[in-house]
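Okay, so here's the structure we're looking at.
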Amino acid sequence: MTDTRPDDTGRFGDFGGIYAPETLVPALAELEAAFTEAWSDPAFVGEYHDLLRHYVGRPTSLHLAERLSGELGVQVLLKREDLAHTGAHKINNALGQGLLARRMGKPRVIAETGAGQHGVATATAAARLGLDCVVYMGRVDMERQALNVYRMRLLGAEVVGVESGAATLKDAVSAAFRDWVATVEDSHYIIGSVVGPHPFPWIVRELQKVIGEEALAQLGGDLPDMVVACVGGGSNSIGIFHPFVETDVELVGVEAAGHGIESGEHGASISAGSPGILHGSMTYMLQDDDGQVVEAHSISAGLDYPGVGPEHAHLAATGRARYESITDEEALEGVKLLSMTEGIIPALESAHAIAWVAKEREALAGKTVLVNLSGRGDKDVTQISEMGLI
Amino acid sequence: MGAEALSELFDRTRTEGRLAFLPYLTAGLPNPQVSADLFAAMEAADGFEVGIPYSDPLMDGPVIQEAGRRALEAGTDFETGLRVVSEVKERTGKPVVVMTYVNVVQSRGVEQFAAEISSAGADGLIMADIPLEEALPLKAAVESAGLGMVLFAAPTTDDERLDRITSENPAFIYGVNDLGVTGERDEESGRGVTLAERIRSRTQVPLVMGVGISRPEQVAALKGIADGVIVGSAVVRRVLEAPDVDAAASALTTYTTEIATAL
């Protein structure tokens, strides 16, 4: 396998870098050195994998979605990240970075959250590892995801509501960075996705690639034609794509088309954005002619983000992966479809991937498609029921 | 004009044995039409940091965030920001440094951005969210437009890195006076003086301290160490709190005069 670590400027091709205030740069360098060292230390890696096995319940299963496959005429395999402890893939990263924070002697961790899944995962890791935890969450998201707010508090985390901007994920990320600029000496920022200044996109990718590596092993050499995953910041998708990048398997990331790309209200940073600098990285983002960030929209809080991880930007620019999009309405149909055919209620985020396969079923007829089912939908049930889906 | 205006300013204040005072204010506040009036009201200033508002100001605390939000809502786009820069320059004749975030610069292309702010009358450029490594590729373009490039040093910056920053000979070093984002502090941490002394012991490149400075005694503590101070949130807050433009202007005149007594 070729070296897939970013270059010495922290870039994947043209994307990434360290666009952060000077105050944070020494901490980012310290973080890179600490993770590099930890990641080659069998004791650290062993503890991480031990937690994943016994605490998270990995490996998560990979199986054929039999009735869904029959319905669509497409062989659909599901990687069941929804079965991981706390209900989504986010725990892989939160535990890994929590262990790293402890190793670096930082007793306090900060996180941002959109749907609440990363916040819950970080609060969980902090409780398990004995760390103080503060989670920033947009006010709008706190309303959409009240259950997760309560879960975080129950786990001992302090949840801070963010009122600025659209009061969603982007604003929570900014608030978390602002906290970190002030507390960098004793705090570690557990960023929730493959975004942010280097080394975050690389660290989070390393901690999420377990998804793809497990899947590859579970497939036993029988590669699918395609791997499909939803993309907000892009951590579940990078996690499952990673070991497949060097194969011939087609990689498809599904972004949020919200009310439709043409409406301008969406979260499709790659499909409908342009290169720019957001939250520390050069990447694709939603912006106006003056470089002001444009608010994203998605029914799913986890995809409601105007940027995307720089490694995805690189995969898109080089043509190795392609990025499609699914509207709010289509995603809701995806929730219904998987629930009724498989008895699995997917997270609204993951439903974007399901919905895309369903939408493209004619083009995909007879093919085998591996879908990363990144999270379970319990958190979305109140929101969905209020919309009168059934 | 340009970078020279800044070096002349620091030469002068060094000769006079005092600090240069560079207050920050967001362009377009409370609206683009009267924005330059508020800069002109700060008569005791030696120059100005004019903020071009950005939607996601990572280095700014609640006061400057709110200012940026209001300025953007009042219709302050890039063109408006340029007009404010040129009005401030025309009315005061003092050095003007543009402060913004890197995406605002990158979205126009650094060459074009630098050329446009330079012809509007700016003398220097500060980008709050880039460290040395990402600043260097932009520095040549900024300097070719005749502007001074400002580089940051923070309390967390080690000596080896400080030497790399000073060896780039920026128009001035923006010394970050405290950890955290912009905003007034109830207590002075002392980190700023420590950093300023550390920088001064290594270089004679002009050093201007900012972030968390709002009181005369904080300014006085930097005298004889730094070359200047930036005061932002305390200025901006007075504008946000003022009932009208006249009240804002008069509050700024009073406040900046008070700061000037400590220079």
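Some notes on this structure:
- Taking chain A as a Gaussian network of alpha-carbon nodes connected by springs under 10 Å, the highest mean-square fluctuation of the residues A:Ser40, A:Ser193, A:Ser325 belongs to A:Ser40.
- Rounded to the nearest 10 degrees, the inclination of helix A:117-129 to the longest alpha-carbon principal axis of chain A is 50 degrees.
- Interface residues, the stretch B:141-185 - accessible area loss of 50 Å² or more versus chain alone, probe 1.4 Å: B:Thr156, B:Leu179
- Euclidean distance between Cα centres, the stretch B:13-29 to the stretch A:17-78, Å: 49 Å
- Amide H contacts under 5 Å for A:Val162, placed H, 5+ residues apart: A:Met137, A:Gly138, A:Arg139
- Per-residue mean of foreign Cβ neighbours for B:96-103 is 3 (Cβ atoms of other chains, 10 Å radius).
- C-alpha center-to-center spacing [the stretch A:161-224, the stretch B:81-134] in angstrom: 33 Å
- Estimated inter-spin distance, A:Glu213 and A:Arg80, nm [label 7 Å along Cα→Cβ]: 2.2 nm
- In summary, the helical segments of chain B meeting the span-like criteria, namely a full DSSP H run, a Cα extent along the axis of 18 angstrom or more and a mean Kyte-Doolittle hydropathy of at least -1.0, are B:3-16, B:78-92, B:132-144, B:245-260.
- Straight-distance candidates among the aspartates and glutamates for linking to B:Lys223, with alpha-carbon spacing under 18 Å and chain neighbours fewer than 8 residues away dropped: B:Asp11, B:Glu16, B:Asp46, B:Asp178, B:Glu188, B:Glu197, B:Glu258.
- Relative to its Kirkwood radius, the Cα radius of gyration of the protein assembly as shown gives an Rg/Rh of 1.00.
- Measuring how big the stretch A:39-165 is from its alpha-carbon positions, Rg and Dmax come out at 16.9, 53 Å.
- Modelled this way, with points 7 Å down the Cα-to-C-beta line, the labels at A:Glu329 and B:Glu43 are 6.4 nm from one another.
- Crossing angle, helix A:169-183 versus chain A [Cα axis fit, 0-90 degrees, rounded to tens]: 20 degrees
- In a DSSP loop and with at most 16 other Cβ atoms within 10 Å, the trypsin sites (Lys or Arg not before Pro) in the stretch A:282-339 are A:Arg320.
- B:Glu241 paired with A:Val45, simple spin-label distance in nm, labels 7 Å along Cα-to-beta-carbon: 5.7 nm
- Built amide H within the under 5 Å cut-off of A:Met285, gap 5+: A:Ser274, A:Gly276
- Degrees between helix A:42-51 axis and first principal axis of chain A (Cα, 0 to 90, nearest 10): 50 degrees
- Extents of the stretch A:20-60, taken as max minus min of Cα coordinates on every principal axis and listed largest first, are 40, 19, 11 Å.
- Note on A:178-184: average number of Cβ atoms from other chains within 10 Å of each residue's Cβ is 6.
- With protein chains left intact and a 1.4 Å probe, residues in the stretch B:206-253 average 31 Å² of accessible area per residue.
- Residue-span extension gain [B:Lys223 to B:Glu160] - 0.36 nm each, minus C-alpha spacing: 20.2 nm
- Other protein chain C-beta atoms within 10 Å of residue C-beta, averaged over A:274-284: 3.
- Expressed as a whole percent, the accessible area of the protein assembly as shown that falls on carbon and sulfur atoms is 49 (1.4 Å probe).
- Accessible area buried at the A-B interface, both sides summed, 1.4 Å probe (Å², nearest 100): 2600 Å²
The values are calculated or read from the model by the stated rules, or taken from the named source; none is laboratory data. On a predicted model such as this, the values are computed, not experimentally measured, just so you know. Methodologically, a virtual Cβ is constructed for each residue, glycine included, from the backbone with ideal geometry; neighbour enumeration extends over all protein chains shown. Heads up: the accessible areas ignore ligands, DNA and RNA and are worked out on the full protein's heavy atoms, side chains in. Shrake-Rupley method; radii C 1.70, N 1.55, O 1.52, S 1.80 Å.
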